[in-house]
Amino acid sequence: MKKIRSLLVANRSEIAIRVMRAASELGIRTVGIYANEDRFALHRFKADESYLVGEGKKPIEAYLDIEDILRVAREAGVDAIHPGYGFLSENPDFAEACAREGIIFIGPQPEVMRTLGNKVAAREAAIAAGVPVIPATSTLPDNPAQVRRLAENIGYPLMLKASWGGGGRGMRIIESEATLDELVTAGRRESLAAFGNDEMYLEKLIRHARHVEVQVLGDLHGQLIHLFERDCSVQRRNQKVVERAPAPYLDEATRTELCETALELCRKVGYTHAGTVEFLLNVETGCYYFIEVNPRIQVEHTVTEEVTGIDIVKAQIRISQDARIGEESSGLPAQHEVRLLAHALQCRITTEDPENNFTPDYGPITAYRSAAGFGVRLDGGTAYSGAIITPFFDSLLVKVTTRGQTPAEAIGRMDRALREFRIRGVATNLHFLENVIRHPLFRSGECTTRFIDDTPELFRFSARRDRATRLLRFIGDVVVNGNPEMAGRKKPGHVLAPAMKPRGNRSNLVSTVPAGTRDRLKALGPTAFAQWLRANPQVMLTDTSMRDAHQSLFATRMRTRDMLDIAPHYAHLLPQLLSMECWGGATFDVALRFLKEDPWERLAKLREHIPNIPFQMLLRSANAVGYTNYPDNVVQFFIQQAAQAGIDIFRVFDSLNWVDNMR
C-alpha cells in the first residue's frame, strides 16, 4: 500500500477541518492554506502547519490559485492534496498539475473529471450507459440567437445550469424567452466567479420533483460500491438546506434500481474515489432522471456516514493509498457488507437572515453555545465566541447531523439540538430550520424541491427574547455609564462601616515618620542605590496591593480615599519595603474610566502620606499605561512627568519580549 505521510487540504473552513481530522486519525501530517481574509479562520490553526496563498488576490481567487497552492505543496513537502468541495475540487487542470508535480490528487482521474465534472459530458455518458436523462441542450453557444433556438427546441420552463461545479451556483429558472438572455448572462457571471468557468446548459424543468442522490466509492482496481442514497429535496435557490438518509419515500425495489443505475454509470466511465450521482424523481410519474455526477466529497456526506458507519473522507485517502474494497485491512467493506444502520438528517446553520431575504450577516460572534449529546454530530468552521465572520465566503457556520433508529427519533433529536444553540452577534437561520423540521410535510417525508417556495408558514417566527444578552448589556451599561435613574439624586452618606486598621502601640501616627528605603535612595542616588541593592543579601519586598496585582478582586475596587486611610500605617510600619507599586498598569485606566478619579491626584496624595518608601510604577513598555502602542517621545515625556510626581522606580513590563534584551 502507498503511504501518504503529509497531506495538503486545498480548501477552507468546515471541510478543511473535516479532512484534517480524518488525516490526523490516520497519522498523516496536515498542511493548510488560507487567504489573507482567512488569516484568523479556525482551519488555519487546526492544521499542523499552514501557509498564506494568493497574496494580493481577491479572497475567492486565492483558493483558485493553482500555481501558488502547488508552490506551498512543494515547500511543505506534501505527498497528496485533498481538494474538499467547491473551489478546485472539480477542476481537472488542478488534478493534472498535481500529477506533474508528483503529488497525489485525492479524487478521480482528470479525464473522468472532465467527463463527469462537465454536466453536458456527464449527460452524454449517462445516455451511453442507458441511464434515463431529462431533455437538455449541449453547452450553450455565445450567440444569444442560437441560445434562444436551443431553448425553444427543449420547451419552457427551463433550468439553467453550470457545466462545471455545483452548489446551485449559476442555476436559474427560466419561465419564458423574455428573461432568457438576462438570466443566462447572470448565470455565466456567477459560474465564472465560483468555478473559473462560465460554460452553461439548459435543462427541462420538472416542477414537482424530489432530489435524491446516491453516494458511490470506487477503488483503483475497478471495484465500486454504493452507500445508498440521500434525500436533498429541501432546497432554497437550488442550495440544499436539509438532507436526510435514507430517502423516506423510496421502496426497496426503487432504492435497489436507483443505486445500481448509479453504479452502472460510474463503471462506464471508470470512476474512483468518492462521488455522488444525483437524480430527480418525478413525483407525478414516479420516474427518475439523471441530473449530474459530483466527482468529489459532498457537503452532506455526513448523513451517509451516520447511517452506514463508513468514514467517507478516510475512504478517499485510503483509496489513494491503493486500498482495495472488500479487504479487511482497507477499511472499505464489500457491497454486501454495507447496510443501513439508522436514519439521519443534516441541517446547515448559516449566518443568513431569513427575515431579511436570507441576506448573509457578518461581524463578531459575541456568544456561541452549541448542541451536544447522544446522536448529535457537529462539523463546524469558524464558529466560536469571538470569531469574526467575514463577508467574503460562504455563510455556513456549522453542520448539525443527528442520528436515530427511526426518522421520527432523528428529527426529534435535531429539534432538540437546534434549540440548544445560542448564537449571538450575527443573524442565523436557526429558527427557520426549526420550522422546516417541525413541518408535517417534512416529518412525513413528502417534501419536494418546491417545499420552501410553496410553504409561507416556514417564515413565521416568534419574537426573539434573548433575555441573557439584553440583561448583560444593561448591566454593562450601568457599570460603565451609571444608572440614568440615579442622575440628579443626592449621594447617600457613608453607610459602610469604616475599614479595620492596624491596632496596637507599634504605630504612633502622630510621631515623625521613620527613615525608610526612599531616604536611602535619595542619599545614595540611583546608581549607588542599585549597587547597594545588588550587594544586599536579604530578600527585598515590593507591595503591589495598591496597583493591580489583585485587580479582579481588590485593587480596582479601591478608591483613593480607601488607599489614603491605610497609607500612614505603611509609612510607620513598613519603612524598609523596597517599594510600593501603586501606579501604572491597569490602575491608571481604571481610575479614569471606572472610578472617575484623577490618577495624578492620587499619586500626589499618596506621596504626601508615604514620604519614606519608594513608589514603583508598572510601565507597559511602548504602551506606557494604555492599551495601544505610543510614539517613543510620548512615552519618554510621560515617564518624566511621573518621576516629577513622585515615582522612584520604573518596572518595565514585558521588557524581555525584545530579543536584544534577552541577549
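Please treat every number below as a calculation from the coordinates, not as lab data. Here the structure is a predicted model, which means the values were calculated and not measured. Here the Cβ is made from the backbone with ideal geometry for all residues, glycine too, and neighbour counts use every protein chain on show.
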Residue among Ile174, Phe195, Pro144 farthest towards the positive dipole end of the range 135-204, charges placed on Cβ: Phe195
Environment charge of Phe358, counting only residues whose C-beta is closer than 11 Å and scoring Lys/Arg +1, Asp/Glu -1: -2
Label-point gap, in nm, between Lys58 and Gln335 - each point 7 angstrom along Cα→Cβ: 4.5
Nearest-0.05 FRET efficiency for Glu111 and Lys3, computed from C-beta distance (R0 35 Å): 0.85
Per-residue Cβ neighbour rank within 10 angstrom, fewest leading, Phe358, Phe392, Phe290: Phe392, Phe358, Phe290
When each of Lys204/Lys399; Lys240/Lys399; Lys2/Lys314 is checked by Cα-Cα distance, pairs over 23 Å: Lys204/Lys399
Radius, Kirkwood style, for the range 436-478 when every pair of distinct Cα atoms is counted (Å): 13.3
Potential lengthening between Trp532 and Glu257 on full extension [0.36 nm per residue; Cα-Cα distance subtracted]: 89.7 nm
Fraction of antiparallel bridges per DSSP, the chain only, in percent to nearest 5: 70
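Could you pull out the GluC sites (Glu not before Pro) across the range 93-176 that fall in loop regions by DSSP (anything but H, G, I, E, B) with no more than 15 other Cβ atoms inside 10 Å? Intermediate values should be presented prior to the final figure.
Details: sites: Glu96, Glu101, Glu111, Glu124, Glu152, Glu175; in loops: Glu101, Glu175.
Those that pass, being in a loop and sparsely packed, are Glu101, Glu175.
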Relative contact order of the chain, pairs being alpha-carbon contacts under 8 Å that are 6 or more residues apart, as %: 9
Magnitude of the charge dipole, the chain, Cβ model with Lys/Arg +1 and Asp/Glu -1, debye to 20: 3280
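Length gain on complete extension for the stretch Asn357 to Leu471, per 0.36 nm per residue less the alpha carbon to alpha carbon distance? Numbers along the way, then the final one.
Values: separation 114, 0.36 × 114 = 41.04 nm, distance 2.90 nm.
Length difference between fully extended and current span is 38.1 nm.
Would the range 6-105 count as rounded, prolate or oblate if I go by the C-alpha gyration tensor, calling it rounded below 1.5 in a/c and otherwise prolate when a/b exceeds b/c, oblate otherwise?
Details: a/c = 1.45, a/b = 1.02, b/c = 1.42.
Since a/c stays below 1.5, the shape of the range 6-105 is classed as rounded.
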Positive-end extreme of charge dipole, the chain - chosen from Val400, Pro492, Val652 (charges on Cβ): Pro492
Reciprocal of mean inverse Cα separation for the chain (Kirkwood radius, Å): 29.8
Sites Phe45 and Val634, calculated FRET efficiency, Cβ-Cβ separation with R0 30 Å, nearest 0.05: 0.30
Whole-number D in µm²/s for the range 517-662 (Stokes-Einstein; Kirkwood sum over Cα pairs; 37 °C, 0.692 mPa s): 205
Computed Rg/Rh of the range 208-341, alpha carbon atoms with Kirkwood Rh: 0.95
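Under the rule a/c < 1.5 gives rounded, and otherwise a/b versus b/c splits prolate from oblate, where does the range 342-462 land using the Cα gyration tensor? Each step should come with its number before you reach the end.
Details: a/c = 2.14, a/b = 1.29, b/c = 1.65.
Judged from the Cα gyration tensor, the range 342-462 comes out oblate (a/c at least 1.5, b/c at or above a/b).
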Cβ-based exposure ranking for His208, His569, in which fewest neighbours within 10 Å come first: His208, His569
For the range 60-157, diffusion coefficient by Stokes-Einstein and Kirkwood Rh (Cα), 37 °C, 0.692 mPa s, µm²/s: 206
Sorted by Cβ neighbour density within 10 Å, fewest at the top, the residues Trp532, Trp600: Trp532, Trp600
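How much mean residue ellipticity at 222 nm does the chain get from its helices, if each DSSP H run of length 4 or more adds -39500 (n - 2.57) and you divide by all residues, to the nearest 500 deg cm²/dmol? Walk me through the intermediate numbers first.
Numbers: 23 runs with 234 residues, N = 663.
Rounded to the nearest 500, it is -10500 deg cm²/dmol.
Grab the alpha carbons of the range 135-204, take their convex hull, and tell me the volume per residue in Å³.
Working: hull volume 4.8 nm³, N = 70.
In the range 135-204, the Cα hull volume divided by residue count equals 69 Å³.
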